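Take a look at the structure below.
The values are calculated or read from the model by the stated rules, or taken from the named source; none is laboratory data. Everything quoted here is computed from the prediction, not taken from an experiment. Cβ atoms come from the backbone with ideal geometry, glycine included; neighbour counts cover every protein chain shown. Please note that ligands, DNA and RNA were not included when accessible areas were found on the heavy atoms of the full protein model with its side chains. Shrake-Rupley method; radii C 1.70, N 1.55, O 1.52, S 1.80 Å.
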Amino acid sequence: MSKKVIIVDDSRTARLQIINAISVDGYELIEAVDGKEGLEKLRAHPDTALVVLDLNMPRMNGLEMLSTAKSLGQGGVPFLLLTTEAQPELVQQARALGAKAWIVKPFIPDQLRAAVAKLSGAAR
Amino acid sequence: MPTGPSRKPYVSLGFKLTIPLVLVVAAAAIGAYLGLVRMARSNLFDSKVAAATMVTKLFAASVSPAVVFDDDTAMQRSVDDLARNEEVADVEVWAAPKPDAARSPAEPAAPQLAGFHRGGASGPLAGGTHVERAERTERIERDDTKVDVIEPILDPQGGVVAVARVRFTLERERAALARLARQSLFVSIAVATAFALAMLLMLARVVVMPLARLERAARSLAGGGSAGSERTVALFDDEVGRLTTTFASMAEAVVDRERRLADRNGELKLILDNVSQGFLMALPDGTLREERSAIVGAWLGALPTRATFGDVIGRLDPNARALAELGFLQLVDGALPLDVAVGQLPRSIRRDERHFELAYHPVVRGEELERVVIVLSDVTAEVERRRVEEDQREFAALVTHLVHDRRGFLEFWRESTALVASLACPTADASLRRDLHTLKGNARFFGMSRLSALCHALESAVAEAERPTLRAPERERLQAEWTATGDRLATLTEDGTAFVELTEADHARLTAAIVEHAPYDALAQLVAGYRFEPTRRSLERARQIVEATCRKLGKPLPIVHVRDDGLRLPPGRWSAFWSTFSHVLVNAADHGLETESERVDAAKPGPGNLWLTTSLEADELVVSVRDDGRGIDWERVRAKATERGVAHETQEQLEAALLAEGVSTKSAVADVSGRGVGLAAVAEAVAAMHGRIELESAYGVGTTWRFRFPSETLLEAHAPVS
């Protein structure tokens, strides 16, 4: 069974770029447009191997989703953050909330692919 | 001093050897002493016993006649003679005892015949009793103080007639023995002490001292000094000597190796001090090793001891420090593949006017990250060179455009200046994204790659954060970029629109008209038209945009068919349209025209075709763009419109959706197109001129855009076009 990866990003373009980068590895990809939907998807798919998470989103941003997931006991799933170079304090907070790793946007597709492969592998 | 792996307290080998040696020697001395005393005593006492026996035998012989004849006087005389011997303590002569059967029970076995007792020295020999048995042989009883000899006194026939008992004192022998013991003790102690000292001296010289020297030399060597300060010469060819020799050669080898290492380090340092790149080495916790190239100090100033990677980045760019430190933590975490984690570290940093590039080389042993080698390069000169080259290239491109198409260029210039001014305005503007997009496209067409790249970056930033305005630094950067270019072109663009452009054909036509005496009105109209721009120029620019875009996308160049119908248009009024028109062209090149293989698959022979025309139809001016490319995928537009919440029931609604902002059929934003912004800008420009847009497109066949404008747009506007 292929591993499940939830992609949480409000920008459809960004989600497509992520999907384009990692779909070759045969994951079951689940999209969510904000933190709220991300949490719902995470609840619906408890066997998720990895969450790729944007930080800036309407309704519920990445940090809020991280902390909620943690308080709901869903923090065991590794989170890979996507962030811009101007947001070190967000990365710091996300790390404190247990995010496994982060990648600077705009990302290099091959690097994202390698990161997702390693982090989703580590979950199992 | 405790050294070596053991934690036991240090006890000197000399001490360890001294204790058992002293014990052994003392034991030997005591043994020898006791043996000597015992031997002397035995010798002395044995001689005494022999002498006493002899004296007693002589006494027994001499007293025998007096006993036989029962002459008491003679008997006592013999006793007294014997008693003159100082060593004789007691003498007793007893009659031979009668057999028990021959005497009555009350009668003593035998009476004492004579006796002598020296004053109180000892009691009666027989304890006041008689001799029990008449022994025929002598008997000797000895203890530490005396020797008793019991000797039978025989008659001439050999019968025992009496028994003599003589006690000799051992006083003299004991005194001699005590003297001898003292001497022996003294000699034993002296010999033992001398022996022990000699042994210790030998041990110290042969074993302990050489070993101590070796230990000091080894310690000195371990402490980084040379072993030479300690004398490590073997005294004897024995185990210690060989150990010393071996150590000496080992120390030499160590010192030699250290010298060679120091030489090599010196050479490496020489290299590090003279390279133009900054080499630094960081431990996994981010702490920097002291080994680094000298130029790092020149660039960053003296770093504190135990400086960290963050310190280095902080000196280069305080803003980048936090992210760099986080990046380093991530590298060490190992959650990401090494090369990916390295990819998140800052690569280039700008400090004032200087540009630095950073490269990272993780050093891994097994699975463990041991070090990260950081290479810092000052690329200011390279960046400056590239900038100058780019400037020159851009300038050459601008001048080329200016020379070949002065009016077009100046229109672009005026339009872009207005766009930049609008973008640099801090108030929120709904057209921000469109303006950026238009400016980007125009800048690219006129070869201003830096401005175009800047616009692209700003577009991404704005889209990412969904901001309605640019940030202050972004506005300043845009304005600065534009002003810099403007300054350089100032002399060329001054009074840019204050001229009339005439082609040779125009000139020939005018000449002919004059020669042919054309009517005055016709001449006036002809000359008035010179102030207008021929649409051919705009269409030629359009051709260039399509071709440049195709080149950029790696597509084969299409065959472009241009038809202008000799039309001219008032420049000020049309510049906004022509400026946004480029989006239609870029879309045609990017979305419409196929790649070579796509055309083969679609059974379309040869390169794609593009028709660019301006014409008068009834009272309307029509600008049209037609391609025979892949056409619009209306299903996809419908999906996009659904996603964006835009009406999409009828074809009109679909066309409107296509022109709505934010709808793009591209799945990824590229440098060229895909943001869904361009067509919206075109629609706005057309609407501003009261024009209409017609669109015909069949999927797989091609697309035709017609922009229809009312006739008044052919005339110069009285008021400036907004």
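Of the residues B:Glu649, B:Glu598, B:Glu594, B:Glu635, the single one that is assigned to a loop (DSSP other than H, G, I, E, B), over 30 Å from B:Arg414 (Cα atoms) and within 60 Å of the chain's Cα centre (by Cα) is B:Glu594. Counting only helices (runs of 4 or more DSSP H) that fall entirely inside segment A:53-124 and contain at least 3 residues that are within 13 Å of chain B (Cβ to nearest Cβ) and not β-branched (Val, Ile, Thr), the qualifying elements are A:88-96, A:109-123.
Filtering segment A:1-52 to residues that are touching a residue at least 60 places away in the same chain (Cβ under 8 Å), within 14 Å of chain B (Cβ to nearest Cβ) and farther than 19 Å from A:Leu66 by Cα leaves A:Ala14, A:Gln17, A:Ile18, A:Asn20, A:Ala21, A:Ile22, A:Asp25.
Taken together, B:Ala101, B:Ala83, B:Ala106 contain a single residue that is over 14 Å from B:Val163 (Cα atoms), of a type outside the set (Lys, Arg) and at pLDDT 85 or above, which is B:Ala83. Residues in segment B:601-621 that are outside any strand (DSSP E or B) and either open to solvent by 30 Å² or more (accessible area, probe 1.4 Å) or farther than 22 Å from B:Lys552 by Cβ (or both): B:Asp601, B:Ala602, B:Ala603, B:Lys604, B:Pro605, B:Gly606, B:Pro607, B:Ala618, B:Asp619.
Counting the residues of segment A:1-44 that are assigned to a loop (DSSP other than H, G, I, E, B) and over 17 Å from B:Lys640 (Cα atoms) gives 7. Taken over segment B:23-74, the residue count meeting the criterion of being acidic (Asp, Glu) and in a helix (DSSP H, G or I) is 2.
Taken as a whole, segment B:146-153 holds no residue that is part of a loop (DSSP other than H, G, I, E, B) and within 30 Å of B:Gly115 (Cα to Cα). Checking B:Ala480, B:Ala457, B:Ala430, B:Ala484 one by one, the residue that is among the aliphatic types (A, V, I, L, M) and within 14 Å of chain A (Cβ to nearest Cβ) is B:Ala457 and no other. Candidates in segment B:332-359 are the residues that are open to solvent by less than 60 Å² (accessible area, probe 1.4 Å) and away from every other protein chain (no Cβ under 14 Å); of these, the one that is nearest to the chain's Cα centre (by Cα) is B:Ala359. Flag: B:Leu398 matches the condition of being under 56 Å from the mean Cα position of the chain (by Cα), open to solvent by less than 30 Å² (accessible area, probe 1.4 Å) and touching a residue at least 60 places away in the same chain (Cβ under 8 Å). Within segment B:307-321, being surrounded by fewer than 19 Cβ atoms within 10 Å (Cβ to Cβ) and without any contact (Cβ under 8 Å) to a residue 12 or more places away in the chain holds for B:Gly314, B:Pro318, B:Asn319.
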